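Participant: Quick one: the structure is below, and I'll ask about it shortly.
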Amino acid sequence: MTAMHDAQLVPLSTADKLRQDAETAAEVRALSNHPDVIALRVEKVRGFVDTLVWVGIFLGLAFTMVNVQTFAAAGAAMWSLPWLAAWLLDPMVSLVLVAVLRAEQITARYQVETGKWPHRTKWFAFLATYVMNTWKSWTELHVAGVVLHSVPPVLVFLAAETAPVLRDRLTEAVTRAAAPAFTGQPHEAVQDATPEPVQEPAREPVKRAPRKPKAAAKPARKLRADYLAEVRAAWAPGIEITPAWVRTVCPDISRGTSKNVADDLRAEVTATAEPAPFPSAAERREEAA
């Protein structure tokens, strides 16, 4: 017959409680710094930001629709063909703008350059909407009307320009957080391989404290001047200096920094370019002969 013994409940001491709290805190901190956890948090922030930006853009476009219809109808009778056709003008501009913004939402997520035409399309859509909204107020010099009808289109334009930048920075935050997971560096520090000194046989061996592992050196953060030096060495006459070319030379550079480095290198090349020497009179006579 097996003897059954009840477990004796011993209350934890203060040291044991603190030890458990320390272990729990260390585990929570390790998981909080995990790249996947950081990426998940950034994705939630990205979704929240996108939702607010899109709601603000759609509300602004809905506000401008009535003013654009009034501008396009030009006093036409209600329910007439010109009056009905005037309602198509604002959605035509707004749908193109929304399509460009949706495409930039994806390209900014993966930090892909879209070129100049999407930017020009946004500018044209904004200017067209702004002029059609404020034309009547400007012609009548109605200051309050100008202010009232300027706020929605300007806000839509600022949101359209700011949203890709915010998405690019959020993507860069995820990339920086996940960098240690993809660099292949070991998490454990390399142990010091220095041999222990030989103890003299006549003496009692001295107990030495265990050596602490050396912390892995963190890679130094590259500055703007470092990127400029790299692209300066890679540039050759005939190469067009653009942010996209800078990113091909320095894959780890961000989108905003690549533009600044491209501007700096372009200014250096322009400043160092020497004008062609003007031919002397003798040389001109020889060429004429």
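Participant: Is region 64-81 home to any residue that is under 19 Å from Glu161 (Cβ atoms) and of a type outside the set (D, E, K, R)?
Facilitator: The answer is yes; a qualifying residue exists.
Yes/no matrix, rows are residues, columns are (1) modelled with pLDDT under 85; (2) within 21 Å of Thr162 (Cα to Cα); (3) open to solvent by 50 Å² or more (accessible area, probe 1.4 Å); (4) in contact with a Leu (Cβ under 9 Å, 6 or more places away or on another chain):
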residue: Asp226; (1), (2), (3), (4): yes, no, yes, no
residue: Arg232; (1), (2), (3), (4): no, no, yes, yes
residue: Gly238; (1), (2), (3), (4): yes, no, yes, no
residue: Ile241; (1), (2), (3), (4): no, no, no, yes
residue: Cys250; (1), (2), (3), (4): no, no, no, no
residue: Ser254; (1), (2), (3), (4): yes, yes, no, no
residue: Thr257; (1), (2), (3), (4): yes, yes, no, no
residue: Asp264; (1), (2), (3), (4): no, no, no, yes
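Participant: Next question, about the same structure. Pairs needed: first member in region 247-269, in contact (Cβ under 8 Å) with a residue 24 or more places away in the chain and closer than 10 Å to Leu228 by Cα; second member anywhere, open to solvent by 50 Å² or more (accessible area, probe 1.4 Å) and among the aromatic types (Phe, Trp, Tyr); C-beta distance under 7 Å; at least 6 residues apart or different chains.
Facilitator: Note: pairs meeting the criteria are Leu265/Trp235.
Participant: Taking the criterion of being touching a Leu at 6+ places or on another chain (Cβ under 6 Å), surrounded by 13 or more Cβ atoms within 10 Å (Cβ to Cβ) and over 28 Å from Arg247 (Cβ atoms), would at least one residue in region 59-66 satisfy it?
Facilitator: yes
The values are calculated or read from the model by the stated rules, or taken from the named source; none is laboratory data. Source: prediction; values computed, not measured. As a convention, Cβ positions derive from the backbone with ideal geometry for all residues, glycine included, and neighbour counts pool all protein chains shown. Remember, those area values only see protein heavy atoms, side chains included, never the ligands or the DNA or RNA. Shrake-Rupley method; radii C 1.70, N 1.55, O 1.52, S 1.80 Å.
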